[in-house]
1. Looking at this structure, is residue B:71 closer than 30 Å to residue B:714 by Cβ and out of contact with any strand residue (DSSP E or B) (no Cβ under 6 Å at 6 or more places or on another chain)?
2. Does segment B:700-722 include one or more residues that are closer than 30 Å to residue B:565 by Cβ and either crowded, with 18+ Cβ neighbours inside 10 Å or within 11 Å of chain A (Cβ to nearest Cβ) (or both)?
3. With the structure loaded, tell me whether residue B:582 is buried (at least 19 other Cβ atoms within 10 Å of the Cβ), within 23 Å of the chain's Cα centre (by Cα), more than 18 Å from residue B:699 (Cα to Cα) and touching a residue at least 60 places away in the same chain (Cβ under 8 Å) or whether it fails that test.
4. Here is a check on your reading of the model: is residue A:399 more than 27 Å from residue A:460 (Cβ to Cβ), outside the structural domain of residue A:494 (by TED's automatic domain parsing) and either modelled with pLDDT of 95 or more or in contact with a helix residue (DSSP H, G or I) (Cβ under 8 Å, 6 or more places away or on another chain) (or both)?
5. Could you count how many residues in segment B:361-379 are surrounded by fewer than 18 Cβ atoms within 10 Å (Cβ to Cβ) and assigned to a loop (DSSP other than H, G, I, E, B)?
6. Quick check on my filter: what residues within segment B:33-68 are without any contact (Cβ under 8 Å) to a residue 12 or more places away in the chain and touching a strand residue (DSSP E or B) at 6+ places or on another chain (Cβ under 7 Å)?
7. Here are some residues: B:251, B:220. Which one is surrounded by fewer than 16 Cβ atoms within 10 Å (Cβ to Cβ), at pLDDT 95 or above, within 12 Å of chain A (Cβ to nearest Cβ) and over 30 Å from the mean Cα position of the chain (by Cα)?
8. Among the listed residues B:497, B:553, which satisfies the condition of being in contact with a strand residue (DSSP E or B) (Cβ under 8 Å, 6 or more places away or on another chain) and either free of Cβ contacts under 8 Å to residues at least 60 places away in the same chain or under 20 Å from residue B:597 (Cβ atoms) (or both)?
């Protein structure tokens, strides 16, 4: 009798398993953005943009106006464009743009040309050749002038095709027109057209005093170095200056130099009339910021700043000014002076008596013009979208409803209170119509794979354009949940993502891997699809692992104090919080505390190595990618913000350095790096390896020749196969 | 009854195990030359040298004459030397020398001085300061002149202390007085005193056309490259020339340049009277060698060569001329022209009619003076020791009795036949007395841990000075045997070493690791202690592995044809032979053919990687150290000898390149390299890693920052812990 019942149970179990295994399993190619089948398994998407106030859908073959009730009307096809061009130049319509709200003109950009086509008349209206070798290209739709770089020099090409070379002495040391300050402070480019396209501001970066990190290209016949200027913390850095070229006079003026105050010149903002250029200026210590205006015609600096901010830790300007379309004397500024990144209305003409006063973020501010906080509350403005010009509202995305949900809101610029425009849940992105009256909202949430909605920014009325099916419905998907625990300070809520193994059995104990980043300017948990899971986590859950991800203090969108708790001793508080996560994991009956692993990249590689060496009895296996090992080897701009210089903060640099910790290593730690990593240069990893050898410990190592700080394409798949194998070899 | 007998057997087995385990086990520190306890477990050694015809023993504290019947008489102590010096400069007497056969003078060299002390009078006879920063120092005992380099320039310091700078334009590109041709062709230094110390020959190396391989020093504040001129096969190489400085005239003359013939100028040999300098000259193709004499006073080249040799594969001059002490018109030359490296007597004054004729090695020779083969037979002269001046014999070490035994022999320079001087077994080294009448012979064999004997080079009569105890008598030592199998050609005997696991059980099947080198100029098996075992092999045997080592065709001391079978397609024949070894292993009942591993370094790293990728179903685990991956990345001198240039032999370079084979990898392969390897530059390993990533295979990698082609000291111990762990992880 008993035998039979066991047999019956086995048959039942087998049947259940059959039912489960009938669902498909993922490959790494399905789950990694670099994988060959990745895009097949993504929620359906819709390419869209605005033509004035008309929402349009962009497909490979055509462009359709989205009409009432989610209808479609074809505006033109790719064949139409190619017919107008007289040759087969357009392969997809997904990249076209509509620069003029009122005119039926579409902009097409090929590697060789920018072309404007009247899609009603089906004829070319204008075309401008792109000079061979041009980079950093910026085109102004009003003037139709182009600005670009050839190598380290700046060129302007007028609408009529006239080419003007603005600089001639550009080289590896002196670079014009490119981004500066290693893309920190919100800087991502080096050429800035005035709104009317008649003046061009551009950066000059003198990096002659910065040594080149010896990066090696092994693909040459004989391996050779190439130039990679890398300013290390506390060492020589670059000199930045800004010039303005005037198309009418063909003269270049330089903004009045105010060294040594202006170590960083960030977030260049043109006044609507192009007469003034505003610059957020920051000292090298990054604790004193001033917003200055410059006369664009002469380069003369205003006698006093508009805004000043100081903080005992750091100030970090990240956003340009956004002038009100209906009043060029007022602009929206973003600042974290009151702890959260908020919108402030600046009245540039309304002078105030400048007084230094304490602000909510822990620093001080001194406003020389009227400044008014528009968004209030314990949330962060993640993105400023623009204005509804008629309603005089500012539109933004912020985590207003919950720290993990980033929703759409409007706020009147006269200070009336916020209005929720989108669903109150999920993580949203949006593009605004020309007047700002409408927007196209794309979002996902743990229960919504993807939705695209057309939203009226006055009323919040919404029309659904797309509701994507769950692309994984045929797959055996692990359970993904989120929750919060208390940080090591006992007060702060920290959010986690927890992924259980596929075919989870609560009576079993599973090996568990903590995925970690932990650094500033990033977060790993938000209320988007699957709580912002990474594909590899699904793969690991499928292999029978619990995956746990916790955003510790120091991470993004939780306010300045939350971030700045790590100041001058990176790693310490972050690890304490991660250990709270470990305690939580140990409380879960299905987590095998004897089989804990950890994996992270970049700052997460620093955290992984640190955790492996600081808690050698907790973590058995780790994979640290592109790690920071010694902040002395990290760059000036990012590094000195959080650590000051090694000269100012020797204790902090010494105690956060992982080299002396190499001796503690007990478990299996594999360090992986891009051999040509220009961000966390190989000196980090190789120094740790050297320290380990000297200490008699045995980390493992792998590198990707030719790759930088991250791996893409098939290398990314290869990498995650490698990471998975390491846990399979040693944690199972 | 049966139960009891099993129990009894278990008790017996346990007792046996107790008895066995009572013996000690080795640590890696015991077995690796870099280990902290290595020297404690080496057979007893004796430091000795000659003072004229008196054998002396050198110890830390004193120097003793070895008197009749292995007696000892103290000549002086280190205290005596320090007393004479007036300060504590001598810490050990093991490094002193006796430059004058007839005088009681000992030479002491400190980092700052060369000092001659009369050890009877206990007073300093002469002292010469060593200039700070001096390298390549060569001192001539007749003139007491010193020659040395400071950086890339040559200096002479006369016995009276006068310093003369011979060259001034030395730099990274133009280097004087250092070794040339990357130490190939028997070259190991760049300064050559004439016998009387009145003329100095020195090399000039112009390497300005050779790029510097981008080697990176990560110990700098910001990692930086340093100069490492590396001429890759088929690419630009160095220009070598030779100058002679005359102490009397203080003039430097340059040897008449005969480019493009003299791409290599090797084995500089002074005539006894210092009037002539002989140079073995070789073309870049390395298939045409000429021996030329030059007038040392004028640099004028003789109108015709003394000797010429050609070979369709290659000619490789490796040894200087050795002039007969009693007749400066005759000299011993070593050559492999007749397949084996033999001694030839040259009569420089006896002209012959120069005719090209075929020689036994497969090439041709054209002798312009009388040449007479002294040593005949199928053996190799491993080392020419010198002459017994009275008996007019040449003394040498060669594998006369058996390919694995390297014994001591004499041969009359008038051509009478060889005489065995030492034991007919084992591997011997020897140092000769001033007249050559006696020698001190040190040897070991599979049954002799170490013996030191004083041998009369006329009679072969021997006095035993030391018979070392087995240093491992308290240890549990694995069985080491040797034997031979047939090569892949079915004819040639190949010798192997086989190490069985400690506590070997013939009924078990053991994981087995093949250790391999396989390249030219090296051998792994000889009849010295433990058949020339490497300490790591003992460690692995202790861990339960069978270790197998086979010297394939292409390796050392087996004649030129044996070596040259690999010409233009390195790896092919070598692997075929290693696979014969695998077949042999598979015939052994205790070898587990499903658990075969392979490990090798340098050429052996090339072989390991090649075997893993060519026979992916045979080898499960491999560790390849500092491998050659693509012979295009290897150097001109060694590489072109065996492969010609990539331009001449594109098929050979392509078929021997391991990059396309990366896709075949199935087992676990770890590549390990010195990050600063100047021999097999990192481009080899990193290119293979890149190729593997592209092919989707997963080798492992480790590197030793700061280390070169090999690891020493504690790094060597760390390395072998690492290699062992890899086999333990994946082969067990």
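1. Spelling it out, it is not the case that residue B:71 is closer than 30 Å to residue B:714 by Cβ and out of contact with any strand residue (DSSP E or B) (no Cβ under 6 Å at 6 or more places or on another chain).
2. Among the residues of segment B:700-722, not one is closer than 30 Å to residue B:565 by Cβ and either crowded, with 18+ Cβ neighbours inside 10 Å or within 11 Å of chain A (Cβ to nearest Cβ) (or both), which makes the answer no.
3. no
4. Against the criterion (more than 27 Å from residue A:460 (Cβ to Cβ), outside the structural domain of residue A:494 (by TED's automatic domain parsing) and either modelled with pLDDT of 95 or more or in contact with a helix residue (DSSP H, G or I) (Cβ under 8 Å, 6 or more places away or on another chain) (or both)), residue A:399 does not qualify.
5. 4
6. B:64, B:67
7. It is B:220.
8. Of B:497, B:553, the one residue that is in contact with a strand residue (DSSP E or B) (Cβ under 8 Å, 6 or more places away or on another chain) and either free of Cβ contacts under 8 Å to residues at least 60 places away in the same chain or under 20 Å from residue B:597 (Cβ atoms) (or both) is B:497.
The values are calculated or read from the model by the stated rules, or taken from the named source; none is laboratory data. Since the model is a prediction, treat every value here as computed from it, not as a measurement. Every residue, glycine among them, receives a Cβ derived from its backbone with ideal geometry; neighbour counts consider all protein chains shown.
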